[in-house]
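Q: Okay, here's the structure, questions in a sec.
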Amino acid sequence: MPILGERSRPDPQRSLVGFVVGDVQYAIEIGRVREIVNPLPVTPLPHTPAEVLGVADHRGDVVPVILLRLRFGLHEIEPTRSTKWILVDAGTHTVGLVVDSVTEVFRVNGPLRPTPAVGGDRDLRGISGVTNHNDQLVFVLDEHRFVEMALALAASGVLPEGS
């Protein structure tokens, strides 16, 4: 029960950061977002999955950078002024997700709906569910997929432990 005069804060696990990749609206839980930044210089690495652009130095941390366009089966495009990196907490690592643009922070009212069965591997796509916002479907990323990717990159020696 809130104390009289105490402001109630929105549950950060129910707030999402919205973004666009291609023509599709996506979101990720705000509690996982460390920062949203403009693209930084990237060092490409050999023997990494195609969607791994490389790594970047962000405030002393080695951050793997994931091209969500490639992860979602879209063609790569040149970055624009709208292109942003969403730095996501992936366990002991930070992962940078390259998005076409960031839209807004919004709240989810109610549970996420399951992703539609449209073929392909839902686990590979990394979508945890679907919601509506501003009369549009928004696909919510499963941040655990990026934790797994960061751990695999660390295990392969691409990332230092605990970066």
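Q: Checking the conditions here, which among Val37, Val99 is β-branched (Val, Ile, Thr) and under 26 Å from Val130 (Cβ atoms)?
A: Answer to the selection: Val99.
Q: Please verify whether Ser8 is assigned to a loop (DSSP other than H, G, I, E, B), at pLDDT 95 or above and under 24 Å from Val140 (Cβ atoms), treating the condition exactly as stated. Before the answer, list the steps.
A: Details: assigned to a loop (DSSP other than H, G, I, E, B): yes; at pLDDT 95 or above: no; under 24 Å from Val140 (Cβ atoms): yes.
Here the answer is no, as Ser8 does not meet what is asked.
Listed here are the residues, each with its yes/no results for (1) surrounded by 15 or more Cβ atoms within 10 Å (Cβ to Cβ); (2) modelled with pLDDT of 80 or more; (3) under 18 Å from Arg32 (Cβ atoms).
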{"residue": "Val63", "(1), (2), (3)": "yes, yes, yes"}
{"residue": "Glu76", "(1), (2), (3)": "no, yes, no"}
{"residue": "Asp89", "(1), (2), (3)": "yes, yes, yes"}
{"residue": "Thr94", "(1), (2), (3)": "yes, yes, yes"}
{"residue": "Leu97", "(1), (2), (3)": "yes, yes, yes"}
{"residue": "Phe106", "(1), (2), (3)": "yes, yes, yes"}
{"residue": "Thr115", "(1), (2), (3)": "yes, yes, no"}
{"residue": "Val138", "(1), (2), (3)": "yes, yes, yes"}
{"residue": "Ala155", "(1), (2), (3)": "no, no, no"}
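Q: Now, a different point. Give me a count of the residues in segment 11-21 that are touching a Lys or Arg at 6+ places or on another chain (Cβ under 9 Å), assigned to a strand (DSSP E or B) and either without any contact (Cβ under 8 Å) to a residue 12 or more places away in the chain or within 19 Å of Leu112 (Cα to Cα) (or both).
A: Qualifying residue count, segment 11-21: 4.
Q: Taking the condition of being among the small types (Gly, Ala, Ser) and touching a residue at least 12 places away in the same chain (Cβ under 8 Å), how many residues in segment 40-81 meet it?
A: 3
Q: Also, quick follow-up: Would you be able to say whether some residue in segment 42-61 is within 16 Å of His144 (Cα to Cα), surrounded by 13 or more Cβ atoms within 10 Å (Cβ to Cβ) and in contact with a helix residue (DSSP H, G or I) (Cβ under 8 Å, 6 or more places away or on another chain)?
A: No, that holds for no residue.
The values are calculated or read from the model by the stated rules, or taken from the named source; none is laboratory data. None of the values given here were measured: they were computed from a predicted structure. When we count neighbours, we look across all protein chains shown, and the Cβ atoms used for this are built from the backbone with ideal geometry, even at glycine.
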